[in-house]
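J.: Handing you this structure, nothing more for now.
Just so it is clear, none of the values below were taken in a lab; they were calculated from the coordinates. This structure is a prediction, so every number in the text was calculated from the model and none was measured. No Cβ is skipped: glycine too gets one built from the backbone with ideal geometry, and neighbour counts run over all protein chains shown.
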Amino acid sequence: MLNVLPAPLVGVIAALLLGLNVLFWVPVLLFFSLLKLLIPIPAVRRALAPVLLFIAEAWISCNSAWMGLTQRCTWDVAGIDGLEPRSWYLVSCNHQSWVDILVLQHLLNRRIPLLKFFLKQQLIWVPAMGLAWWALDFPFMRRHSEEFLKKHPEMRGKDQETTRRACEKFALVPTSVMNFLEGTRFTPAKHQRQQSPYAHLLKPKAGGMALALNAMGDRFEAILDVTIVYPDGTPSFWDFLQGKMHRVVVRARSLPIPRHLINADYAGDPAVRAAFQAWVQELWREKDARISALLAPAALASDSA
């Protein structure tokens, strides 16, 4: 175990292992992805799809391997048994750090289909990773301010259309559609700026989940509601690489798909929109209470120390 070394050295080693893992798997992924792109034969493309997924899962497994070498972390996890690796899931989780993604991938790899994230358009330019996300059909979103949309009304609804097209593609192969309802990482400053009614969460944005349910709700096995808590404080990515994430608590639960909201017109029907937002807000109230309960033992221990 490398975590006995000084933290900065552990961080450098972990970063090198992460980089080598990317440099090994991305060219392999791109080779098969370009074959899929260049050969317009449906049977060939169907045959290559599981190859791409296998490569992505192997990549994640290698990440888990170097995490095991460099991390000294206690994992307190419940609720991820009995999931279906060949079905469809809509995954919802609170969002605090880039570390959340590695935590989710580490725990859910091969338990459910590959997680597909909706990414900001700018991330396609991230060296190597942008190409990998493109090869794996991760949808890229252009998020515009309300001021921009007023000047360019033709751009309104473009993200919704991107989401719909992506979900139609996801419906062809078992997929886990990942949705961070907050839309951004939690920080105290954002929490205060929003005047969020939740103690540990930003306000949820229901539109993306509504579009996913509308486009492929009949496919989903369940909504996988995941809650991540870092009892010692949210780690930065560099903290994580240095092995400074000592504890992580993860709770997951499978929720039934709200059938009355699957084919409803979220964008055009105010009553549907209100019903969906009420459902999401209740989900968020429960998650907020769960986070408080999970943090309570840690808070009591620190108070008594």
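J.: Match the structure shown to one of the listed values (1) 7, 28, 33, 23, 9, 1; (2) 6, 21, 20, 14, 11, 9, 7, 7, 5, 1, 0; (3) 5, 24, 35, 25, 10, 1, 0 of P(r) over Cα pairs in 10 Å bins from 0, in percent, computed from it, and give that label.
T.: Recomputing P(r) over Cα pairs in 10 Å bins from 0, in percent here picks out (3).
J.: Now for a separate question. Based only on Cα atoms, what mean projected area does the convex hull of the range 185-305 have, in nm²?
T.: Averaged projected hull area, Cα only: 9.5 nm².
J.: Using a 10 Å cut-off around each Cβ, can you sort 76, 81, 225, 137 from fewest to most neighbouring Cβ atoms?
T.: Working: 76 12, 81 8, 225 20, 137 17.
So the residues, fewest neighbours to most, are 81, 76, 137, 225.
J.: Separate question: Please give the length that would be gained between residue 246 and residue 286 if that part of the chain were fully extended, namely 0.36 nm times their separation in residues minus their C-alpha to C-alpha distance (nm, one decimal).
T.: Separation in residues times 0.36 nm, less the Cα-Cα distance, equals 11.8 nm.
J.: Just the C-alpha atoms of the range 1-97: what Rg/Rh do they give, with Rh taken as the Kirkwood radius?
T.: Here Rg/Rh amounts to 1.07.
J.: So, in Å, what gap is there between the alpha-carbon centers of the range 207-286 and the range 77-113?
T.: 12 Å
J.: Let me ask you something else. Along the range 166-177, what does the Karplus equation 6.51 cos²θ - 1.76 cosθ + 1.60 (θ = phi - 60°) give for ³J(HN,Hα), rounded to whole Hz, x for Gly and Pro?
T.: Residue by residue, the range 166-177 yields 5, 5, 5, 6, 4, 5, 7, 10, x, 9, 10, 8 Hz.
J.: What percent do you get for the relative contact order of the chain when only Cα pairs under 8 Å and 6+ apart count?
T.: 25 percent
J.: Using all alpha carbons of the range 60-142, what is the percent of pairwise distances in each 10 Å bin, ordered from the shortest bin to the longest?
T.: The percentages, shortest bin first, are 14, 44, 35, 8.
J.: I've got another one for you. Between residue 24 and residue 267, what is the label-to-label distance in nm when each label sits 7 Å out along the Cα-to-Cβ direction?
T.: About 4.4 nm, to one decimal.
J.: Something else: Give the percent of DSSP beta bridges with both residues in the range 73-304 that are antiparallel, rounded to the nearest 5.
T.: Counting DSSP beta bridges with both partners in the range 73-304, the antiparallel share is about 25 percent.
J.: Same structure, new question: With Cβ to Cβ distances under 10 Å as the rule, what net charge do the other residues near residue 198 carry (K, R +1; D, E -1)?
T.: Residues close to residue 198 contribute a combined charge of +1.
J.: Looking only at the range 211-235, which residues have a backbone nitrogen under 18 Å from a spot 7 Å from the Cα of residue 192 in the C-beta direction?
T.: The answer is 234.
J.: Here is a follow-up. Given a Förster distance of 22 Å, report the FRET efficiency between residue 61 and residue 123 from their Cβ-Cβ distance, rounded to the nearest 0.05.
T.: 0.45
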